[in-house]
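A short write-up of the structure that comes next.
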Amino acid sequence: MIIPLENPVLVHEDFRKQKKTEELQLDNIIPMSKTSSDDDVFLAPEVNAFGRQFRDYADANNERQKSVEEFYKTQHTNQTLDFVKKMRHEYGKLDKMVMNIWECCELLNEVVDESDPDLDEPQIQHLLQSAEAIRKDYPDEDWLHLTALIHDLGKVLTLPQFGGLPQWAVVGDTFPVGCAFDESNIHHKYFMENPDFNNPNYNTKTGIYSEGCGLENVFMSWGHDDYMYLVAKENGSTLPSAGLFIIRYHSFYPLHKAGGYTHLMNEGDKDNLKWLHVFNKYDLYSKSKVQVDVEKAKPYYMSLIKKVRNFTFISFEDE
């Protein structure tokens, strides 16, 4: 993917100023845009697309939950530090495919996330549901709309033209490798089969890292989040740091939902986590059976893409 942006137009002035009156807190409070009316504000549903609680992994009698648990057993066993380094080296070359952003979005029609207990819809619907919900509440933050649209595009790694990686190497909750697996990870028991679990170099609280080292210096389990982050970073994206942080850590639920691994964060991470808390509401709770009209939504997102015309994924070509 290649993502040069001709004009850094996607950083809203209010984001730069960080006014005290609009300052985000490290909690679940979601500040809404002043331009949104109460009728337009996105309201999180109480149940997911299957009529159950979101991120409910406890129903052992549910077939969907059984398959999700089996997914995490495989993921937790195989995501080692060596594996992550190998994948980062291979996919950091960004030499798999040339296409534009919208074409990549449409490719996600071929992907269903096996790790997600809340959704079995094609991924392009999830991208648009998230982006459209954010757009309602934050109409002026176009950088956040674009971040929502592209945050999951790395899931194309499951497709043959991108190497056809198994889902355990593409989707699911993410976590640091090279240090102890925190108990905040879902289905933590399966890490006992991971070769790094008993490695004295990796199984302490900090492992190969140091407290406050910053998440940018931490190896995360390999998947679509880290791949998309590499694509954006290596190609000079001018998305704000919060956008890049969202892309890389939106699946890092042990951190942003359970509060694990905070000892590895620096001050910059803490600032960006505020925006990830905002984003998470729309990433998680916008999942529903109510489909977005793709053709109706497309012109707006194409206008954002044109602002970043050369935003290239795995070498995305221009429109």
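The values are calculated or read from the model by the stated rules, or taken from the named source; none is laboratory data. All of these numbers come straight from a predicted model, not from anything done at the bench. Virtual Cβ from ideal backbone geometry, glycine too; neighbours counted across all protein chains shown. Please note that ligands, DNA and RNA were not included when accessible areas were found on the heavy atoms of the full protein model with its side chains. Shrake-Rupley method; radii C 1.70, N 1.55, O 1.52, S 1.80 Å.
For this structure, a couple of remarks:
- Remark: the range 69-307 carries 36 Å² of accessible area per residue (probe radius 1.4 Å; ligands, DNA and RNA excluded).
- Here is the list for the range 188-240: GluC sites (Glu not before Pro) lying in DSSP coil, each with at most 12 other C-beta atoms within 10 angstrom of its C-beta, are E211.
- Treating each Cα of the range 144-209 as one equal point scatterer and applying the Debye formula with no solvent, the log10 of I(q)/I(0) at q = 0.11, 0.17, 0.22, 0.25 Å⁻¹ comes out as -0.39, -0.78, -0.94, -1.00.
- Compactness index (Cα Rg / 2.2 N^0.38 Å), the range 69-307: 0.98
- Carbon plus sulfur fraction of accessible area for the range 103-210, probe 1.4 Å, in percent: 46 percent
- Selection of trypsin sites (Lys or Arg not before Pro), the range 130-227, meeting DSSP coil and at most 13 other Cβ within 10 Å: K205
- Accessible area ranking (1.4 Å probe, heavy atoms, ligands and nucleic acids excluded), largest first, for K257, K270: K257, K270.
- S241 - accessible surface, heavy atoms, 1.4 Å probe, Å² rounded to 10: 70 Å²
- Loop-resident trypsin sites (Lys or Arg not before Pro) (DSSP state other than H, G, I, E or B) in the range 66-95 with no more than 14 further Cβ atoms inside 10 Å of their Cβ: K93.
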